[in-house]
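See structure below.
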Amino acid sequence: MTARYSLLARGLLAAGLLVAVSAADAQNKIKVGFMLPYTGTYSALGTAIENGFRLYVQEQGGKLGGREIEYVKVDDESEPSKAVDNINKLIKRDNVDVVVGTVHSGVVMAMAKVAKDTNTLLVIPNAGARAVTGPMCAPNIFRSSFSNWQPGYAMGKVAGDRGAKKVATITWKYAAGDESVQGFKDGLKTTGGEVIKELTLPFPNVEFQALLTEIAATKPDAVYAFFAGGGAVKFVKDYAAAGLNKTIPLYGPGFLTDGTLEAQGEAAQGLLTTLHYADGLDIPKDKAFRSDYNKTYKAEPDVYAVQGYDAAQMLGAGLAAVKGDLGKRDALVSAIEKARIDSPRGAFTLSKAHDPVQDIYLRKVVGTQNKFEGVAVKSLAEPSPGCKM
Ligand code: BEZ
């Protein structure tokens, strides 16, 4: 305490005012800024994340750490070039206490830099960019979702074990696609398989025809595809319309079929994917979560809703430890680091770099469900190369 502050405090104490001031502080709401895509190919993902986050807070009576939560939001449009301006709107204009975002890996990398420079608490409820928990890792940055490498690695092992030796990959050309493919290659390599062709198109382009023709000409044993949201719907339908699903098995991380099955219909039936969530998990927490989500939103939750819910749980664990006092940042961070998050996906803890260490499930599309088939890789941790923390 500085001498000036101590003098002031003594004066206020004498007047009985300091106690009143801290009590008023505790009454203040905590401001959460959602920076998520509400338009474009990832818009449904942004909405599901917000729904999940709000659901957990609602279950806690609207409070975390004893303090009410208020929300502001910005549509980031999954547009990396607008990311710095958008996060600055939340931090500088709206004075948020914590930023929750986002979905797109290119956007999150710009957000993480600003969060680091301003020491703003950032909880990432989707974007799997490895850099943010790698070289950019920081005490104020946490992720409730996955690293792009995790589901890709698991699918590589599964595809190899099912006999795929020579595989073609197809994805949008940006960090998420590149890293998902890298994970797949690493997993496939453990089984002796290899990637023989890598196809890409710019995000969020969905003109797949020429690339599907190239796949047909290459005749690989299997195809691994990273797409999500609206783009995943179109890709799975185009793959089936081209007749490729009859001859070349299509694999992917679970984003290919999560939150998309109503729209994909027949084209998605039987697809195998890997992810840290599935339908039909025999986990009491998941049953309660699904029932609450359904009652509140009249919709089935998907992996994105789970990640939003868990982002709120992580923040809640930190705030509970400091009784809502955001000034106690070190204690808040340490409580999140030590927390065991009772997630609908199954309980998880965080790695040293602040990523979930989690089971990756194998799922099969049956009707509108990504049915749990088994655990593809147990307790998989992102290796976080370059993180010094
Ligand atoms: C990403 O950009 O990191 C991402 C987007 C959608 C689904 C999964 C990952």
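The values are calculated or read from the model by the stated rules, or taken from the named source; none is laboratory data. All of these numbers come straight from a predicted model, not from anything done at the bench. Here Cβ is always computed from backbone atoms with ideal geometry, including for glycine, and neighbour counts include all displayed protein chains. In case anyone asks, the SASA skips ligands and DNA or RNA and just uses the protein heavy atoms, side chains included. Shrake-Rupley method; radii C 1.70, N 1.55, O 1.52, S 1.80 Å.
On the given criteria, is D76 charged (D, E, K, R), away from the ligand (no atom under 16 Å from the Cβ) and over 30 Å from L362 (Cβ atoms)? No: the conditions fail for D76.
Given the structure, is T218 away from the ligand (no atom under 16 Å from the Cβ), open to solvent by 10 Å² or more (accessible area, probe 1.4 Å), at negative phi and in contact with a Lys or Arg (Cβ under 6 Å, 6 or more places away or on another chain)? Outline the logic, then answer.
Working: away from the ligand (no atom under 16 Å from the Cβ): yes; open to solvent by 10 Å² or more (accessible area, probe 1.4 Å): yes; at negative phi: yes; in contact with a Lys or Arg (Cβ under 6 Å, 6 or more places away or on another chain): yes.
In short, yes.
Filtered by the rule that a residue be in contact with a helix residue (DSSP H, G or I) (Cβ under 7 Å, 6 or more places away or on another chain) and either without any contact (Cβ under 8 Å) to a residue 24 or more places away in the chain or closer than 21 Å to G52 by Cβ (or both), region 63-86 gives L64, G65, R67, I69, V72, V74, D76, S78.
Of all residues in region 125-134, none satisfies being away from the ligand (no atom under 12 Å from the Cβ) and either open to solvent by 30 Å² or more (accessible area, probe 1.4 Å) or modelled with pLDDT under 95 (or both). Against the conditions (1) in the same structural domain as D97 (by TED's automatic domain parsing); (2) of a type in the set (K, R); (3) more than 29 Å from N28 (Cβ to Cβ); (4) surrounded by fewer than 19 Cβ atoms within 10 Å (Cβ to Cβ), R345 satisfies every one except (4). All conditions in (1) out of contact with any strand residue (DSSP E or B) (no Cβ under 8 Å at 6 or more places or on another chain); (2) of a type in the set (D, E, K, R); (3) within 24 Å of V103 (Cβ to Cβ) hold for D258, with the sole exception of (1).
Sort through G183, G177, G152, G160 and tell me the only one that's more than 16 Å from the ligand (Cβ to nearest atom) and of a type outside the set (F, W, Y). Break it down into steps so the answer makes sense when it comes.
Details: G183 fails: more than 16 Å from the ligand (Cβ to nearest atom); G177 fails: more than 16 Å from the ligand (Cβ to nearest atom); G152 fails: more than 16 Å from the ligand (Cβ to nearest atom).
Unique residue meeting the criteria: G160.
Would you tally the residues in region 352-389 being within 19 Å of the chain's Cα centre (by Cα), open to solvent by less than 20 Å² (accessible area, probe 1.4 Å) and of a type outside the set (V, I, T)? Of the residues in region 352-389, 11 are within 19 Å of the chain's Cα centre (by Cα), open to solvent by less than 20 Å² (accessible area, probe 1.4 Å) and of a type outside the set (V, I, T). Each residue in region 106-121 was checked for being within 13 Å of the ligand (Cβ to nearest atom) and open to solvent by less than 10 Å² (accessible area, probe 1.4 Å), and 4 pass.
Would you mention how many residues in region 166-214 are assigned to a helix (DSSP H, G or I) and not aliphatic (A, V, I, L, M)? Within region 166-214, residues that are assigned to a helix (DSSP H, G or I) and not aliphatic (A, V, I, L, M) number 14.
The requirement of being crowded, with 22+ Cβ neighbours inside 10 Å, under 19 Å from I248 (Cβ atoms) and over 18 Å from the mean Cα position of the chain (by Cα) is satisfied by G193. Among residues of region 142-157 that are in a loop (DSSP other than H, G, I, E, B), those with a beta-carbon under 6 Å from a residue that is basic (K, R) and within 13 Å of the ligand (Cβ to nearest atom) at least six positions away or on a different chain give the pairs S147/R130. In this structure, is E207 more than 16 Å from the ligand (Cβ to nearest atom), closer than 17 Å to T41 by Cβ and open to solvent by 30 Å² or more (accessible area, probe 1.4 Å)? Taking the combined requirement at face value, the residue satisfies it. Is there a residue being within 21 Å of Q60 (Cα to Cα), assigned to a helix (DSSP H, G or I) and not acidic (D, E) anywhere in region 338-345? Yes, the conditions are met somewhere in region 338-345. Residues of region 223-241 that are closer than 17 Å to L199 by Cα and away from the ligand (no atom under 14 Å from the Cβ): V223, Y224, K234, V236, D238, Y239. The lone criterion from (1) out of contact with any Pro (no Cβ under 7 Å at 6 or more places or on another chain); (2) within 16 Å of the ligand (Cβ to nearest atom) left unmet by S43 is number (1). Considering only residues that are of a type outside the set (A, V, I, L, M) and surrounded by 24 or more Cβ atoms within 10 Å (Cβ to Cβ), which ones fall in region 87-105? Within region 87-105, G101, T102, H104, S105 qualify.
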